[in-house]
Amino acid sequence: MIDTQRFATENLNELKLDSPTRKRLVFTLLPGYAGFLLENKLDELAVLQIDLIKEFKLPLYRYFENRSDEELISLGSAGLSKLFGALASQKTVEYIENSLRDWLNNQLPQISRNQIEAEDITMISLIRRRIFRKFIDEYTSDLHTAVLLMNEIDDFTTLSETISLKLLLKLQQDLYEQNQKLTKTGNWVWDLKKNIFTWSRELYQIYELENADINQIDLATYNHPDDDPIVKNELEISRKNKTAHDFFYRIILPDGREKTLHAMGEVLTDAKGEAETMFGTLQDFTDQKLIQKELENNQFFIQKITDLTPSLIGVYNIQTGKYLFMNRAVEALLGYKKENILERGMNFFLGIIHPDDLVRIQEENKLALENANQEGALNNEQIVEFSYRMRHANGAYRWFNTYGSVFERDKSGNVEKVINVSIDVTDQLHTDLQLKERELELREQAELYFRMINEVEDYAILRLSPEGIIENWNTGAEKIKGYTATEIIGKHFRIFYCPEDQETHLPETLIQIAAKEGKASHEGWRVRKDKTRFWGSILITALHDAAGRVVGYSKVTRDLTQMKIANDNLKSYTEKIVAANAELEEKNKQLESFNYIASHDLKEPLRKIRLFISRLKDEAEMKPRVRETLSKIETASIRMQDLIEGLLLYCQADIISDPENCNLDVLLNDVIADYNDLIDQKEMEIAKMPLPSVKTNPIQFKQVFYNLISNAVKYKKENTPLKLNISYQMESVLNGSNIPHLYHKISFDDNGIGFEQDHTEKIFGLFQRLHDLSKYPGTGLGLAICKKVIENHGGKITAQGISGKGARFDIFLPADINA
C-alpha cells in the first residue's frame, strides 16, 4: 500500500514552484479578464465545460456518469469560481500549490488521487483554453490586447499542465517503486555492447547492497554454486538466440543466507539485428518458494496420511463423474490401481458394485443429494452411510460401509463435489457372526465351566464375599479340607488357618492385599476339619463389577504337602552336596600339596640317586656286572623322574587360570623352533597353515603342541623322513542335542608308524602305551595331558590311525573362545 503521508512530505518541497515559474504566473491582462468571466459568464462557462468534457470523452468523466447535469454544472461552477477568483486576485501561485497539496494528500473533492490520468490533465488544459477564449471578443475589441490575452491564457494552461504532469509522473514513479517493493521485484537493463548494468532501487534491496556501484561488483560470486551454470547458460541462450528467458536461481548473501530469485528478461537488437540490450526483472521469490515447499510438504503429508489410512478416501465431481482424489488404499483393499479409477471416474465403481446392491445404492445416493440440495442444508451438512458389496480384483466380493458428505458446493449452493470414506467391513461382519456364535459357545462353556469347577478334586475353589464369608464350595474343597458345602458355606474362611495365623490376622491381611493389589498369594500350614494340618498354596483374586468396585474374591487352594516334604528332603540333600563340595575342595588342596611334593620332595631323592650312580660309574675299578646294574638303576631312576614330571603336568592340567588372548600360531612356531636341527638335517618336514587367536592358557596349549609334535617324532618310521602336516579350518559339529555349533579344527597328520584304529580311545589313557618301551621310550602321559587340557577348554581331541601309514590327531575348540 502506498504511504501517502511519506510521499506528500518528500515531494511537496520538491514540487514547490520555483522563482522563474512564479514570475511567469504573474499576469497583466488575465486577472481582469478572469474577474469579467467570474462576474458575467460563470454559469455559461460551467455548462460549456460539461459539454466539452462529454465531447472530448474525458477519462475522468466515468466517475461522474451517474450524476445529473444540474449536479455536474454545480460542481463545475464551484471549480471555475475558485480558478477565476485566484486569477483575478493575482493568487495564481497559491491556487496551484494548494491544488497540488490537495492532490498529494488525496483530499480532492469527489475523486481519489490515483484516479487522475495523464490524458485527463492534457484534456482539461485544452478545455480550459476553449473556455477562456470563448468570450475574449466580448471582453475587448482591441486585436493587440486580445492577442496578448490569449498568450497569457496559453502560458497559464501550459504551466498548469506541465506542473500537473510532473506531479503525476512523480506519483506514478513512487507507485511503481512501492509496487516493486511490495512484490519484491526490481528491474534491470544490461547494455550488452558496453557491458554496463542499470538497476532499480529494489534490486539493490534484494541483493542487500548499499552505496555500491553495481558495475564494480562480480554478481556471479553471489550465485549459488549449483545454480551458477544455469544462470550463465540461460543468459547466453537468450543473448545468442535473441529470445526471452524465464528461470529461477539462488543467490547466497555474505552472511550465508539464501534467496531464490525469479529472472525474466528480453533482448533488444540494433539495426543490424545484433543483440544490443537485455532488460528484465528479478523477483525475490524466497517466501513464495518456502510457501510452495510447505504446501508440497503438506500435500505430501496429507497424501501419506491418506495412503496409510486403511480406508478408501475419494473426492469426485458429481457433474463430471470424475474423481479429483483417490488414495492408494484402493490397491490394498480391492487390488485396483488408483490411476485406473482416476481415469474412468464413478463408472469404475458402478462396474464393480454387486448387481444386487447397485440399484439400491443409486436410489439412496440420489435421495442423499436431493436432501443435501434442499434449502437450509448448507448450514447442517449430513454424513450419509451406505452399505454394499464391491468386487475385488481377484473376483471375490467384499462388504464396504461408505460414509459420504458434501465436500464443496457451487456458487448457487448446490452440491458439486462429494467426499467418500469407505471401510472394508467384510472381516468385521464375519467377526460379528463369529462373535454371536462365540457368545452362544461361551454360554455353553460357562455352564460346563461351572460343572467342571464343581467337580475339580485337586484344587479347592471357592468364592468369598467382600468380608471373607464363604459363598460356594466345590468337590476339591471338600476333599482337601474335609467340610461339606452345607457345613462350611456362610462361615469365615479364617477357619482354615492355624491358631497362630489367626492371632496375627493373616486371613484378613491377605484379602486386604488382594483388594488393593488385585491378588494375594501365600503358602503355609492349613487346618482340615479333622484338625490335621496340610501345606497349602493359596491364591486370592479380587473380583470387580463394571464400576471397578470389589464385589468378592475367588480363592484357590492346592494341597502341596507332598511337595513340601520333597522340598525339605531336597534342601537336606543340597546341604549334603555343599558339604561334599567342601570336602572335595579340601582334597583339591591336598592334590596341590601332592603337586608340590611331586615337584620337590619326590624329585630330590631321585636326583641324589642319579648323582651317586654317576660318581660310582666314574670309579675306574668296577666289575662289568656292577656297572651294568648301575646303568639299569640309572635308567629306572630317569624313567621314575619322567613319570613324576608327567604326573605333575597331568595334575596341573586341571588348574584353569583366567584365559588370555593368545595367538596359537606364535605358540606353534615356538615349539617348531625346537626341532630346527631335525628339519635342517632333512629328518623332518613340517607344513603348516596359519592358526587363529583364541582365549586360552598359553603354557598349557604350548605343552599340547609340544606333546603332539614330539609324539610324531618319536613314532616316525626308521630311515624315512617325518612329514607332518598341520592344518586349520572352521567346522560345524552337532552336539548331543543335534544342534550345530562352530569349532576351530586343528589337525596334526603324520606319516609315522601309525596304530590300529581299535586303540583310538586307549592311547589317551594314563600310562597307556601301544609299543615296546625299549624301542619307543616315554611315560604314556603325553596324550592324556593333551586330552585333559583341551577338554578343560570346552573342546575335544580325536585320533585316527592306520598301522604302517601314519596317524592323525584332530583338536576341536569352540569358536566362542575367540580372542
- Query: Taking the stated definitions as given, is Gln303 surrounded by 13 or more Cβ atoms within 10 Å (Cβ to Cβ) and either at pLDDT 90 or above or within 30 Å of Lys338 (Cα to Cα) (or both)?
  - Reply: yes
- Message: Looking only at the range 453-478, filter to residues that are at pLDDT below 80 and open to solvent by 100 Å² or more (accessible area, probe 1.4 Å); which one of those is farthest from the chain's Cα centre (by Cα)?
- Response: Glu455
- Counting only residues that are of a type in the set (Asp, Glu), give me the helices (runs of 4 or more DSSP H) lying completely in the range 56-166 with at least 3 of them. 69-88, 92-104
- Message: What's the number of the only condition in (1) modelled with pLDDT under 90; (2) touching an Asp or Glu at 6+ places or on another chain (Cβ under 7 Å) that Leu29 fails to meet?
- Response: (1)
- Checked the range 497-517 for anything of a type in the set (D, E, K, R), over 49 Å from the mean Cα position of the chain (by Cα) and open to solvent by 60 Å² or more (accessible area, probe 1.4 Å); matches are Glu500, Glu503
- Somewhere in the range 364-383, is a residue of a type in the set (Val, Ile, Thr) and surrounded by 16 or more Cβ atoms within 10 Å (Cβ to Cβ)? no
- Being of a type in the set (Gly, Ala, Ser) and farther than 18 Å from Val189 by Cα is the filter here, so list the residues in the range 227-271 that pass it. Gly256, Ala271
- Mind checking which pairs have a first residue in the range 388-401 that is farther than 14 Å from Gln428 by Cβ and a second that is β-branched (Val, Ile, Thr) and surrounded by fewer than 17 Cβ atoms within 10 Å (Cβ to Cβ), Cβ under 6 Å, 6 or more apart or different chains? Met390/Ile352; Arg391/Ile352
- Verdict on Thr486 being in contact with a helix residue (DSSP H, G or I) (Cβ under 8 Å, 6 or more places away or on another chain), more than 15 Å from Leu539 (Cβ to Cβ) and among the hydroxyl-bearing types (Ser, Thr, Tyr): no
- Search the range 783-799 for residues that are at positive phi and pair each with any residue that is surrounded by 21 or more Cβ atoms within 10 Å (Cβ to Cβ) when their beta-carbon atoms are under 8 Å apart and the residues are at least 6 apart or on different chains. Gly794/Leu813
- Test each condition in (1) free of Cβ contacts under 8 Å to residues at least 40 places away in the same chain; (2) in contact with a strand residue (DSSP E or B) (Cβ under 7 Å, 6 or more places away or on another chain); (3) open to solvent by 30 Å² or more (accessible area, probe 1.4 Å); (4) assigned to a helix (DSSP H, G or I) for Lys436 and report the one that comes out false. (2)
- Item | Single unsatisfied condition, Tyr249 versus (1) modelled with pLDDT of 85 or more; (2) under 22 Å from Phe285 (Cβ atoms); (3) open to solvent by less than 30 Å² (accessible area, probe 1.4 Å); (4) more than 37 Å from the chain's Cα centre (by Cα) | (4)
- Query: Does the range 172-184 contain any residue that is under 21 Å from Asp18 (Cα atoms), hydroxyl-bearing (Ser, Thr, Tyr) and either surrounded by fewer than 17 Cβ atoms within 10 Å (Cβ to Cβ) or at pLDDT below 65 (or both)?
  - Reply: no
- Query: Can you tell which of Asp654, Asp677, Asp658, Asp665 is in a helix (DSSP H, G or I), open to solvent by 70 Å² or more (accessible area, probe 1.4 Å) and modelled with pLDDT of 55 or more?
  - Reply: Asp677
- Task: Sort out which residues of the range 323-345 are part of a helix (DSSP H, G or I) and touching a strand residue (DSSP E or B) at 6+ places or on another chain (Cβ under 6 Å), and write them in order of number.
- Result: Ala329, Val330, Leu333, Lys338, Ile341, Leu342
- Count of residues meeting criterion [touching a helix residue (DSSP H, G or I) at 6+ places or on another chain (Cβ under 9 Å), open to solvent by 70 Å² or more (accessible area, probe 1.4 Å) and in contact (Cβ under 8 Å) with a residue 24 or more places away in the chain] in the range 202-243: 1
- Task: Considering each residue of the range 689-701, count those that are surrounded by fewer than 19 Cβ atoms within 10 Å (Cβ to Cβ), touching a residue at least 24 places away in the same chain (Cβ under 8 Å) and assigned to a helix (DSSP H, G or I), and give that number.
- Result: 1
- Find the residue count for the range 519-538, including only residues that are open to solvent by 20 Å² or more (accessible area, probe 1.4 Å), out of contact with any Gly (no Cβ under 8 Å at 6 or more places or on another chain) and either aromatic (Phe, Trp, Tyr) or in a loop (DSSP other than H, G, I, E, B) (or both). 2
- Task: Please go through the range 385-408 and pick out each residue that is touching a Leu at 6+ places or on another chain (Cβ under 9 Å) and open to solvent by 40 Å² or more (accessible area, probe 1.4 Å).
- Result: Arg391, Ala393, Arg398, Trp399, Phe407
- Message: With the requirement that a residue be out of contact with any Lys or Arg (no Cβ under 6 Å at 6 or more places or on another chain) and β-branched (Val, Ile, Thr), what does the range 528-560 give you?
- Response: Thr532, Ile538, Val550, Val551, Val556, Thr557
- Kindly list the number of the only condition in (1) in a loop (DSSP other than H, G, I, E, B); (2) closer than 26 Å to Glu208 by Cα; (3) over 40 Å from the mean Cα position of the chain (by Cα) that fails for Pro254. (3)
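The values are calculated or read from the model by the stated rules, or taken from the named source; none is laboratory data. In this text, all values refer to a predicted model and were calculated from it rather than measured experimentally. Counting neighbours? That spans all protein chains shown, and the Cβs are built from the backbone with ideal geometry, glycine included. Just the protein is used for accessible areas: all its heavy atoms, side chains included, with ligands, DNA and RNA removed. Shrake-Rupley method; radii C 1.70, N 1.55, O 1.52, S 1.80 Å.
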